[in-house]
Structures are given as C-alpha cells and as structure tokens.
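J.: Sending over a structure as structure tokens; questions will come in a sec.
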Amino acid sequence: MAKISKVEQGLFGPIEPDKNVRGQTVLSSEARIVRVVRADGGDNSYDYAVPEELADDLDLGQRVQVPFGKGNRWQVAFCIEFPDSSQFEKLKYIHSLIDDSPLITEELLELAKWISQYYCYPLGLVLSAIVPAAVKKQAGMVNNQYIIPTEKLLNWFSGDAEALTDGETGKKIRISAKGKRALEYLKSNPSENNEYKLNQLVHASNCSKPVFRTLGKCGLLEFVTRREMPSDELINLQEQSDEELDELTPQNGNYDSSPIFDFDDDADVEPDADVEPDAEPAFQLNEDQKNAVAAICDKIDNSGFNAVLLHGVTGSGKTEVYMECIQKVVDRDQQAIVLVPEIALTPQTERRFIERFGNVSVLHSGMTGVRRHQQWRQIAEGKANVIVGARSAVFAPVPNLGLIVVDEEHEGSYKQDQSPRYHGRDVAIKRAHQSNITIILGSATPSLETLTNCERRNGFSCVTLPRRVKDLPMPKVQIIDLKEEFKQGRRDNILSKRLENELRACIAAGKQAILLLNRRGHSNLLYCPSCQYVHNCPNCDVSLSVHRRKSADQVVGRMLLCHHCLHTTKVPDCCPVCQKKLITIGPGTQYAEDQITDQLNGLRLQRVDSDSMKPGDYRQVLNKFGKGEIDVLLGTQMIAKGLDFPNVSLVGILNADTALSVPDYRSSERTYQLISQVAGRCGRADNTGRVILQTFLPDEPAIAYAARHDFNGFARLEKQNRKQLDMPPYSRMARIIMSDPLLQTVEAEAQKIRMILDQINNQLQNKMEIRGPMPAAIARLEKYHRFELIIKASGPAPIQQTLSMLRQGAIENTACRIVVDVDPINMM
Ligand code: ADP
Ligand code: ZN
C-alpha cells in the first residue's frame, strides 16, 4: 500500500472500511455513487462507489482518498455530487475520508463550479485554492484528553461505601495511597459537566497521569479524547513560534502553477499589537448618507439579487453607509462580508468595524495559520457577524449570508494574478446572485464595467454621495508642468519649487503630508546617453531597475534588480558598449527619500513601498502616522488607498504620468483613479486640503479631469474611447498566454491553438475576433518566451463557449505552459 502522507490522511487518519480492497469494483447499479474531482487538477470528474461504512459520514465538499487509474495509485479528491446513476457499469470504491466534515458549504461548491467554468480552470484546483491551506491541515488542532468519573465513582462520592467493589468478583477494589489522594481531589472539586481536562487536572491535583490511568483501569474513570482548537490565549502564545506547515503541491499538468492563495502569507509578522480602541465621535448621518442607506435597505428588504453602486466622492462617508446597511442584516441574524483591497485593510478600518459590531472576523495578511483556521471555524459556525478581508474573504464560509460589500470596487488588486485568475468583485457579484442577496459596490471612481452594468444590466442600480461629509470642499488641485520646471533648471529636483514650499509650510503649521511616487527603487533604468544602451535583465525582456544595495542593514551603494525574476547584478562602472558614463532615468521612491530628507532638514519622513515593509510593518507605520510621530509618508500606491487621517493637509503627486506609459488600454482609467484616490487623502477634517500634481502631460484627459474632480466628465470620454476601440466594457476579452524556454516550441504551439480557435470560431458563426499569436508585451519572462492570443466578443457567452471547447483536450495536450486569463486586468 502506498504510503499516505500525514497531510493527505488528515489528522483524523483515514477511516478504514473493512471490506475495501484497493481497486475492488462493484456494479454501479447497486452502489451509492459519488462524483469526485482530483484535488491536484485535471478537468474530468470520476464516479466511485461509497462503501456502506462511510455512507453516513460522507458529504459534498469533503475530501476522500481514492484508488486512481490503472495502477490504482492513491489520489486525493473532492466530492462534488451524489448522482443517481453512472454511465460506467462498474465502479471502484473510494478508500477513505480525509476530512471529518465538509471543507466548504454547498453554496461555495456551486460558486467554485462557476469559477472553474468561467475562469477556465480545473474544479479540483479551484476547490484546493478556495479552502485555506491552514484549514486543510487543521492547523493548530490538538488532541485533548478528558476524564469522566463513572457512575460507580459518583455513587461512592455520594456516600455509598459499597460502590467501590468490582462488579464481577464482588471484591473490594484496592486503591493505592496516591489513588486515594486523586479520588479525594475529585470528590472535593466536582466539575460542572462531570468532566476534567486531564492536563489541567494533573496540574491542579498534583497527581500524575499514571495514577488516573490506574483508576481508569479499575472502572472508576473514563477517558475521552477530543480534537479541539486551542484557546485564544494559547493561540496568542503560539503565534510567536508558529511554524509554517508544509503544503500540498498540486501537479497541474499543463495549467500554470497555482500556489494556494490565502493572503500573502507572512506568518512571522507580529499581529498588530498597537491597535488601541479609540471611540469615534458620534455623529448624525447627513442627508445624502441617509438617502443612500434608505435606498440600499429598500433593496435588502426586497430580497432577491441587487447590485448597488455606491458612488461617493472621497471622504463622503461611504463606510458609515456600509455599516448602517450591515446593521440591518446583522439584526436579522445574518452575516455580512466586507471586501477591501489588501492594502486598505488598515488598523483604522478594522477598528471602525470592531467597535461597531463586536463579533468581527478580520482576515488580514499578517495572520498565522492557526489563527486563520480558528477564524474560519468561527465563521463557519456563524460566530462572526461581519467578515472583513481582502479578495479571498469572498470565500468566507458563512452559514447565512445577508450582504456583501466591495469597497473600492474599481481596484485592480481584486483580480488574482495567479490561477485561478478570478476577480474578487465579480465572484462576489456571482455569490450575491446565487444567494439572492444585495451587494454594495463602493467607489469614488467606479470601474467602467460597473458603470455600464448600472446602465444596462438587470438588478444593477446606482446611489450617489456627491459631497464630502461636514460640507467639506474637495481639495484644491494645482497642476505643475514639469517641462517648465526643466526649463528653469530644476531637472534633477524631485520636488518642484511650489511643492517644496508647500511642504515646508505644511510641516511648519504642524500638519502632515502624503507624497506619492508610484515607482519603487532608486530609479527605473540605467541608460547611456551617448549610445542609447539600456541595461536589461538577462532573463526577461525588461530593463533592470536601480536599487539601494544593503549589507547587514547598511546601505552600501547600488545594485540592479529585475522586478520580475528578482535577478540582481552590480551597477557597471561605465557603458559596456561605448565605455561612456551611464545615467539613471526615472527616479523612484528611494531616490526621492534621499533627496527630500537632504533638502528638508529634520523632516520625519517614512518611505512606504514593498521594498521597505512587510504588511505588519505597514500597519505599525500607520499607527505612528496617526499619532503624529511621522510628518510625511512617501510611497507608492500603497499610501493612496483608504487612509483617513484628519491632520493631512497636503498631498504631493511627484509624477502623475507613471501609469500612462504602460501599454494597456486601462492606463488612462488607472491614472485617473490613482490621482483621485491619493488626492482624497487630504482635507478630510477641515478646508485646508491642497494637492500639488506634477506632470509632463498637463493636458492628458485623465490628469486634467482628475484635477477638476470631474469623474463623470472623464468617464463619459473614456467610455466613448472604449466604444470606438471596441474594448471592455463594450466587449469581452480573454487572453491566452503561452510560454516555453524554446522560442520555436511556443510559437508552434501557439499557432496550433490559433488553428483550433479558428475552427471553433467557424462553428460559432465567427462571433469572435481572434488576434495573435504575437509576442506578449513582456516577450520573455524568467527565461520563458511568451506569446499571447486574444479573443474578443461582444458578450461573455461566445468566449465561454470557446474556452470550454478549447478545454476539451487542446489545453491539456499543449506542449508548453498555457494560461487562460478571462477578463484580464494585466495586459503585460
Ligand atoms: P469615504 O470612505 O467615503 O472616503 P469615510 O467613510 O472614511 O469616507 O468617512 C470619512 C470620515 O468622515 C470618517 O472619519 C468618518 O468617521 C467621518 N464621517 C462619516 N460620516 C460622517 C457624518 N455624517 N458626519 C461627520 N463625519 C462623518
Ligand atoms: Zn528578470
């Protein structure tokens, strides 16, 4: 028998049925049938017979161990259906159960089926990805032993001296002195439910385990073992020393690898120790908020599916509206899920929800496996009213979902960039649809997808909050044309004269500032002005970025780094082609940090980007910023989202153009969103908010409209553009990315896929536009050559049909890596 790893057995161990010999078959007409999918991928499902011994314990969503294929090798599979009959005459038996109870609810199983189909990814892998790794491993569960005094002993306790005789021999039971001490202890310390946790008892009574065991053998005590989650205190203790458990690694065939996504796992991050509860001032909702709440609650009352776009400018009090609506479903004993972009899951957001609802489960990236498992169980038991978390919280196994909120619904980070490449917002909409409930999509800059859905899809509607709370004005935005700065000889200055002055004035007034530069590292690239040489990555088709080089936490010069494959190399002394001097182009946050702290003496500036901090650090930085211990946050888009600090009166956008140069049809939309988001961080408590926006392209619509806070104007223009170009949301798209170390292989394989796509398109009356194969925007990545094909259609149906036909063989049989990205967000 093949050895089963501990993980596969589950910690309960397989429940072994007697008669079950591996590979033994039964007539399907005489069997109870279960349909399963392999946990490690493959698009097929398989029918098995359920042995009678297991029938009562087997449920949908549970994992089982099955003999698989001709060689009957062991395979882990998920139960997805109990069909009445099978097309096969004979079936093998499943071997054993891995989980004692289902890992997901039937509702989530349905959602997983949809994801598998829509995002073109094997169901088993979707299920493997939905259930957190910590839950599959039952992280932290411990075996606790309890002892229970028997009738006989209880009788003796209540005065029946005859009770201590052996039932069979009639002789008096002989008890040692130590045993007597133990019995005395039990007698004088009765427990409420007549049971004692063995470890605690040993400690309290000062009697050893063997003493209790002997009493057990005499029939005075019973022993029971239970698998339990440790107490909260114990988990807190363990959290410091929690080791990462090993992972089931799926063999994905031709699908690209899918690390099980929990959140970015970072188990050694300290839980945010310094979140101090801080009661918020009580205030009345304003008229706009009241109207919004009334309109949404009306939808909630109506029952049935409703998607409401809550379009509210930054600082309009959207979160208060969410909370009022959540209150409504919590009052009905239902649960609400609140999705926020990972980086917006700040201690402030957390605190607001915890203070309001108490039983809140916050799923953030700093959680250990044990904590995540504990939270998951509590959620499944309905013990959390509100679940707040990033993308994957959409899979929270709540028993009675009443409402979903997706905050900042336009955020690209809701789309997972590893398979299954699902969009958290869209999965949330689907889940709300399946559960017949309301979903709130909140944003100051709604995605064009959501805007057009509101115009044309049933069940979608829009509610607006056009003003900031307390009648605060939107912050004034001043555009600085960097071309002019260059003319005035400030080419090397990261701050324009105006921004520098504003920053000095802001700090002098005891206020705080946020500076955005959406480019990490020292600078974008190393360039030779005399021969145009650019230093590129040897593994990828991108230029290397210049970064600080650290040794033992000391900055010791610079190095070159690839942001994709993490290749590093030394900065050459001169151009390797013409030996002239190289210059750096495109300053990043490290460069800005050096220059600004040089220029403004004594400034307490904190750089915030993915190089400078882990998620846990970020939360602590925000706490310090909130307490006024930091003057300036300088960072990438990490600091643009969701922060609500009343003392921030200045926002500086050091270069508004970084996103515009990206070859992506959404770059204009993204630029607008980013400017609007970061601008919204200031002037949230009084009317001193001011934004300085530095750009080389002051006339670019995204920039000009954002400076005027004219979202509707921008959206109108951008919709026109998309319509003309026939791009989403006016069409639907899927990207097929193929890659291989050998250029010929990937080219040939991509041509084959193109031919199959053409045939399919033919059958579908040419409803689709197919482009490619062509080299991807990054044509080589981590030594793999990459080609892409794009399929586009006016609606989702032809794309879905095509992909499901493509799955019947073509994807599995392709001789190179192939990734399907439906509704792609990242076009690189
Ligand atoms: P948004 O998410 O729309 O940017 P928030 O919900 O974060 O805005 O609200 C911004 C700030 O205004 C928060 O500190 C919140 O407590 C406060 N606030 C919300 N509603 C009101 C109100 N009606 N009156 C006064 N302050 C409010
Ligand atoms: Zn690289």
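The values are calculated or read from the model by the stated rules, or taken from the named source; none is laboratory data. Worth saying up front: this structure is predicted, and the values here are computed from it rather than measured. Positions of Cβ are backbone-derived with ideal geometry, glycine not excepted, and every protein chain shown enters the neighbour counts. Remember, those area values only see protein heavy atoms, side chains included, never the ligands or the DNA or RNA. Shrake-Rupley method; radii C 1.70, N 1.55, O 1.52, S 1.80 Å.
J.: Within segment 436-472, which residues are at positive phi and in a loop (DSSP other than H, G, I, E, B)?
T.: The answer is 436, 459.
J.: So which residues in segment 335-383 are over 26 Å from residue 415 (Cβ atoms) and small (Gly, Ala, Ser), if there are any at all?
T.: Those that are over 26 Å from residue 415 (Cβ atoms) and small (Gly, Ala, Ser): 358, 380, 382.
J.: Which members of segment 494-518 meet the condition of being of a type outside the set (Gly, Ala, Ser) and open to solvent by 50 Å² or more (accessible area, probe 1.4 Å)?
T.: Matches in segment 494-518: 497, 498, 501, 504.
J.: Restricted to segment 428-445, and to residues that are away from ligand 1 (no atom under 13 Å from the Cβ) and of a type outside the set (A, V, I, L, M), which residue is nearest to residue 665 (Cα to Cα)?
T.: The selected residue is 430.
J.: Please go through segment 30-45 and pick out each residue that is more than 10 Å from residue 86 (Cα to Cα), out of contact with any Gly (no Cβ under 7 Å at 6 or more places or on another chain), open to solvent by 10 Å² or more (accessible area, probe 1.4 Å) and assigned to a strand (DSSP E or B).
T.: 45
J.: Looking only at segment 769-812, how many residues end up being β-branched (Val, Ile, Thr) and either part of a helix (DSSP H, G or I) or modelled with pLDDT under 90 (or both)?
T.: Qualifying residue count, segment 769-812: 3.
J.: Which one of these does residue 788 not meet: (1) away from ligand 2 (no atom under 16 Å from the Cβ); (2) open to solvent by 40 Å² or more (accessible area, probe 1.4 Å); (3) acidic (Asp, Glu)?
T.: Going through the list (1) away from ligand 2 (no atom under 16 Å from the Cβ); (2) open to solvent by 40 Å² or more (accessible area, probe 1.4 Å); (3) acidic (Asp, Glu), residue 788 breaks only (2).
J.: How about segment 286-327: which of its residues are assigned to a loop (DSSP other than H, G, I, E, B), open to solvent by less than 40 Å² (accessible area, probe 1.4 Å) and either within 13 Å of ligand 1 (Cβ to nearest atom) or at positive phi (or both)?
T.: Answer for segment 286-327, where residues must be assigned to a loop (DSSP other than H, G, I, E, B), open to solvent by less than 40 Å² (accessible area, probe 1.4 Å) and either within 13 Å of ligand 1 (Cβ to nearest atom) or at positive phi (or both): 304, 313, 314, 315, 316, 317.
J.: Ok, one more. When the residues of segment 656-705 are filtered to those that are within 16 Å of ligand 1 (Cβ to nearest atom), over 23 Å from residue 493 (Cα atoms) and among the hydrophobic types (A, V, I, L, M, F, W, C), which remaining residue is nearest to the chain's Cα centre (by Cα)?
T.: Filtering first and then ranking leaves 682.
J.: Would you pick out the residues in segment 166-203 that are open to solvent by less than 60 Å² (accessible area, probe 1.4 Å) and assigned to a helix (DSSP H, G or I)?
T.: 179, 182, 183, 185, 186, 198, 201, 202
J.: Another question about this same structure. Quick one: which strands (runs of 3 or more DSSP E) sit completely within segment 520-587 and have at least 1 residues that are over 27 Å from residue 775 (Cα atoms) and within 16 Å of ligand 1 (Cβ to nearest atom)?
T.: none
J.: Could I ask something else about it? If residue 566 satisfies all but one of (1) under 31 Å from the mean Cα position of the chain (by Cα); (2) more than 16 Å from ligand 2 (Cβ to nearest atom); (3) at pLDDT 90 or above; (4) not hydroxyl-bearing (Ser, Thr, Tyr), what's the number of the condition it fails?
T.: (2)
J.: Going through segment 522-540 one residue at a time, which ones are more than 14 Å from ligand 2 (Cβ to nearest atom), open to solvent by less than 50 Å² (accessible area, probe 1.4 Å) and in contact (Cβ under 8 Å) with a residue 60 or more places away in the chain?
T.: 522, 523
J.: Out of everything in segment 204-223 that is assigned to a strand (DSSP E or B) and open to solvent by 50 Å² or more (accessible area, probe 1.4 Å), what residue ends up being farthest from residue 174 (Cα to Cα)?
T.: Among those that are assigned to a strand (DSSP E or B) and open to solvent by 50 Å² or more (accessible area, probe 1.4 Å), it is 223.
J.: Now, a different point. Return the only residue of 560, 633, 603 being surrounded by fewer than 18 Cβ atoms within 10 Å (Cβ to Cβ), farther than 30 Å from residue 718 by Cα and at pLDDT 90 or above.
T.: 603
J.: So, one more: Modelled with pLDDT under 90, within 25 Å of residue 401 (Cβ to Cβ) and not hydroxyl-bearing (Ser, Thr, Tyr) - does that describe any residue in segment 92-101?
T.: Within segment 92-101 (the criterion being modelled with pLDDT under 90, within 25 Å of residue 401 (Cβ to Cβ) and not hydroxyl-bearing (Ser, Thr, Tyr)), the answer is yes, since at least one residue qualifies.
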